[in-house]
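See below for the structure under consideration.
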Amino acid sequence: MLYEEIGVEPQSLLDPQLGSHLRNSFGFDKGRLVSRYPRDWIGEVRMQINQLNDENLRIRLKNLLNSAQFLNLLVDFDRPNPRRGWLESALELHQEKPFNAILSASNNQPPLIYDVEHIQDLIDKSDENTGYLEVKSKKVPELVLELTPFLKLNKTLVLENYSQTLLTSEKTRPLFESVFRNWQRTGGMEFKLIVSKRLNQRNNIFEQECKLLGKFLADTQFNGTFKYILIDDERNKLHERYFLGGISGIELGYGLETSSYDHSWKVLNKATHSALKRKYLDADIRDEYPEYMSFIYQKGKTTISSTIKQSY
């Protein structure tokens, strides 16, 4: 799986060792995420911290809670708030919708529950299962479920794939539509697709995609910005396929598509994601590739432009 959901008992954060483990071994690049359970999990932890007598420890833990790195570990997996004590309620919910693991303040019952003293055992076990997904033969709902944490936290997305289609192929249309609607529902605001001119040489796909995208985005009442940029990459070819956000990224194997052949997705490490973020999110790809065709949808209006001599 791409990401594991780890339930963390708020009281366990009072152990200063846990903060270090969370900073170093959790996050999108590690494939381990802290469940925002309850939804005011931060508030619950803060209440526990305020009861500490050690002022220095209180300050350290509050600084940890307020750090962007820590906040980016937290994902809401749509769980109801506890009805009783945290651990008791978490175990009840686990029967309906399993956690991948639970971190407890004082209970250690692997392979599900670990206390802070045994967190390395949890990490070692988790490393065998996370950060990688075999896509072959998986259905659209399964793939969207795997992507949901990524879609929830990244409000700006870039899909870079020299041969990616969206709505003109049945390999990609159902998955793209479901992914996009899921992302839009959770507050997604800017989506950018970057493909190669080599794609457009087959059946004039750019023009077809533009027409279908205009209708789809209007039908979904998308209020953000959608950019579809086709570049002439003859001198500096696009090779890999990535799904990128400001917080994290995924290498997509053969792309955002369903497939009956061997095909895998892989979570990007922090260094690779940072380099790709600078290129595809922080900069405008059209500065590096000045010959392009673009479709831009914003506030219900579409604009199509081209700097390529042989336009569609």
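The values are calculated or read from the model by the stated rules, or taken from the named source; none is laboratory data. Nothing here was measured: the structure is a model prediction, and the numbers come from that model. Using ideal geometry, Cβ is built from the backbone for each residue, glycine included, and neighbour counts are taken over all protein chains shown.
Taken together, the residues in region 252-290 that are in contact (Cβ under 8 Å) with a residue 12 or more places away in the chain and over 18 Å from residue 173 (Cβ atoms) amount to 21. When region 116-156 is limited to residues that are touching a helix residue (DSSP H, G or I) at 6+ places or on another chain (Cβ under 7 Å) and not β-branched (Val, Ile, Thr), the one that is farthest from residue 276 (Cα to Cα) turns out to be 143.
How many of the residues making up region 232-274 are of a type in the set (Ser, Thr, Tyr), over 24 Å from residue 294 (Cβ atoms) and either in contact with a helix residue (DSSP H, G or I) (Cβ under 7 Å, 6 or more places away or on another chain) or assigned to a loop (DSSP other than H, G, I, E, B) (or both)?
6
Within region 113-127, take every residue that is surrounded by fewer than 16 Cβ atoms within 10 Å (Cβ to Cβ) and more than 20 Å from the chain's Cα centre (by Cα) and give me the one that is nearest to residue 254 (Cα to Cα). Ranking the qualifying residues of region 113-127, first place goes to 124. Which of the residues that make up region 166-198 are more than 26 Å from the chain's Cα centre (by Cα) and crowded, with 19+ Cβ neighbours inside 10 Å? Passing the criteria: only 197. What are the residues in region 275-295 that are among the hydrophobic types (A, V, I, L, M, F, W, C) and assigned to a helix (DSSP H, G or I), if any? Result: 275, 276, 281, 285. Give me the residue from region 132-146 that is in contact with a Phe, Trp or Tyr (Cβ under 8 Å, 6 or more places away or on another chain) and crowded, with 19+ Cβ neighbours inside 10 Å and, out of that set, nearest to residue 30 (Cα to Cα). Out of the qualifying residues, it is 133. I'd like to check something: does region 157-165 contain any residue that is surrounded by fewer than 21 Cβ atoms within 10 Å (Cβ to Cβ), within 15 Å of the chain's Cα centre (by Cα) and of a type outside the set (S, T, N, Q)? Looking for residues that are surrounded by fewer than 21 Cβ atoms within 10 Å (Cβ to Cβ), within 15 Å of the chain's Cα centre (by Cα) and of a type outside the set (S, T, N, Q), one finds none in region 157-165, hence no.
Taking residue 300, is it in contact (Cβ under 8 Å) with a residue 24 or more places away in the chain and surrounded by 14 or more Cβ atoms within 10 Å (Cβ to Cβ)? Judged against the criteria, residue 300 is not a match. Just one of (1) crowded, with 18+ Cβ neighbours inside 10 Å; (2) under 21 Å from the mean Cα position of the chain (by Cα); (3) not in a loop (DSSP other than H, G, I, E, B) fails for residue 29. It is (3). Identification of helices (runs of 4 or more DSSP H) wholly contained in region 46-162 with 3 or more residues that are modelled with pLDDT under 95 and among the polar types (S, T, N, Q) yields 55-66.
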